[in-house]
Amino acid sequence: MRVVVLNFNGGTMTAKCVEHLRRVHYPDDRYEIVVVDNASADDSLEAIRQRFPEVEIRANTVNGGFPANNLAMRDLEGVDHVALINNDAFVEPGWLAALVDTLEADGALGAACSKLVLAPRFLELSLSAPAFVPGTGDSRELAVMLRDVVVEGRSCRRDAHFGRGGWGIEHDRDGIFEWASGSSVLRVPVGEDQPTSVTLRLQAERTKDVVIDGGAGQVTVVVGRRACDVVVPVAGTAYDVVNNVGSILYEDGAGADRGWLERDLGQFDEPSDVFAWCGGGVLLRKGYLTDAGLFDEDFFLYYEDTDLAWRGRALGWGYRTAPGAVARHVHAASSDATSPLFAYYVERNRLLMLVKNAPRAMAWREVWRFVLVTASYARRDVVLPVLRARRPTAVQVRRRVGSFLGFVRLLPRMLAKRRGLRRRQRVADRELVAWFVAR
């Protein structure tokens, strides 16, 4: 058994990850830990060498992205299974045994999936305010903009999220924000010692009253065009939120975490077959990797696990969740989900994966749809503001155009890979498409 941790400037988190792996309830002589380093420039690799001399280190000379895991997945002589765990995920003691039990119970399984929960626990705040509909093709009901969340003097905007009523991260010249609807629920991450208050930075399109309840009584504040800080008293019992229990694919080819941002109420405590697995915490059978191959190094970052899972599905392999294999994940610790890097690879690689694996009509439909949506954003964010003598906001358009150009550059290689995969495919497209989820 080999457990692989990928490190890139992981700081103290990689050492913490390895420390948790050394505590699993599994015989020491039955698993080994390999840390693959992606040409880190910090001292994280030296810290591993000093603290865990028994851990094997395989150092990459360049940053190979997530497919650098291949460095520890090619030489599998004497290895029956390979586990992957993110360096920003911290396993509970029963993690490895639960994965092994699941995989060994069914020889048709290529992978057993962890139950990943977000590292912090959360408290809820409800927000309500008068909403408006922007129009001009935007039918959303928008009420107030959330720009920051501060807990005990530290910004935790990246980890806070809307459990209901949020419209996703957007960008303007003042930074990132997210619109909340007229009635929304905001989840705020907290530590072991719960705070008595949190501070929200809010803004609106006009002056309005916003009612906020953090469990310690309602407060009503006036929010307007200039961003303001609002202190909200909080109380209640913090709870876990699901990150991933296997992965799904929507009908438009977008991958997603199964259970993403659901409050953990035990709804995933029974094993389930899933379309795909998440590389953040999974156990892979050696025979599956021999058959389906390793990560596609053209992807570099994002969708490489879904691509490999799709390839395995097309060859007849199955995947199942192991609910007892729990790990707490610091989501996007090594890559900011609001960054240009994230946007570039997610958009580019979704199209690459579809051209490589999907039914032809589906793949080209989504490529064309990407072009049309980009044109729509250009009209909304660039053309209309210029016509109205306003300052345009071209951030999103530039990012999408960059992703599409990256896709076009790799398109010939994906088409060549597609031809090879089609020759080996054992499962009909209609059976694979039956797994896809409607939005």
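The values are calculated or read from the model by the stated rules, or taken from the named source; none is laboratory data. Since the structure is predicted, the reported quantities are computational estimates derived from the model, not experimental observations. Quick reminder, even Gly has a Cβ in these numbers, built from the backbone with ideal geometry, and neighbours come from all protein chains shown. Please note that ligands, DNA and RNA were not included when accessible areas were found on the heavy atoms of the full protein model with its side chains. Shrake-Rupley method; radii C 1.70, N 1.55, O 1.52, S 1.80 Å.
Annotations for the structure displayed:
- Cα centre as origin, Lys/Arg/Asp/Glu Cβ charges: segment 109-168 dipole, Debye: 200 debye
- Pairwise FRET efficiency - Asp273 versus Ser155, Cβ, R0 = 35 Å, nearest 0.05: 0.30
- Computed over the chain: relative contact order in percent, which uses C-alpha pairs under 8 Å that are six or more apart: 18 percent
- Trp260, Trp310, ranked by accessible area, largest first (probe 1.4 Å): Trp260, Trp310
- Total lysine pairs under 28 Å (Cα atoms) in the chain, excluding pairs fewer than 8 apart on one chain: 6
- Length released on extending from Val185 to Trp167, taking residue separation times 0.36 nm less the Cα-Cα span: 5.3 nm
- Equivalent ellipsoid, segment 351-439 (semi-axes from 5 times Cα gyration tensor eigenvalues, Å): 34, 15, 8
- Highest-MSF residue in the chain out of Asn63, Asn243, Asn38 [GNM, Cα springs under 10 Å]: Asn63
- Residues in segment 70-176 average 41 Å² of solvent-accessible surface per residue, probe 1.4 Å, ligands and nucleic acids excluded.
- Carbon and sulfur %, accessible surface of the chain computed with the full protein complex present, 1.4 Å: 51 percent
- Of Ala59, Val185, Ala314, farthest towards positive along the dipole that unit charges on Lys, Arg, Asp, Glu beta carbons give the chain: Ala314
- Projected label distance in nm at Arg439 and Thr61, using a 7 Å step from Cα toward the beta-carbon: 4.4 nm
- Think of segment 173-302 as having a plus end and a minus end, set by charges on the Cβ of Lys, Arg, Asp and Glu; of Thr207, Tyr288, Pro271, Thr207 sits farthest toward the positive end of this dipole.
- Segment Arg390-Arg409, extension gain: residue separation times 0.36 nm, minus the distance between their alpha carbons: 3.4 nm
- In a fully extended conformation the segment linking Arg423 and Arg365 would gain 18.6 nm over its present Cα-Cα distance, using 0.36 nm per residue.
- Evaluated with a Cβ-only charge set (Lys, Arg +1; Asp, Glu -1), the chain carries a dipole of roughly 2240 debye about its Cα centre, given to the nearest 20.
- GNM top mover of Val383, Val188, Val346 - the chain, alpha-carbon springs below 10 Å: Val383
- More than 25 angstrom apart: percent of Cα pairs within segment 27-160: 54 percent
- Based on Cα contacts under 8 Å between residues 6+ apart, segment 1-153 shows a relative contact order of 26 percent.
- Estimated from the Cβ-Cβ distance and a Förster radius of 51 angstrom, the FRET efficiency linking Val230 and Arg22 is about 0.70.
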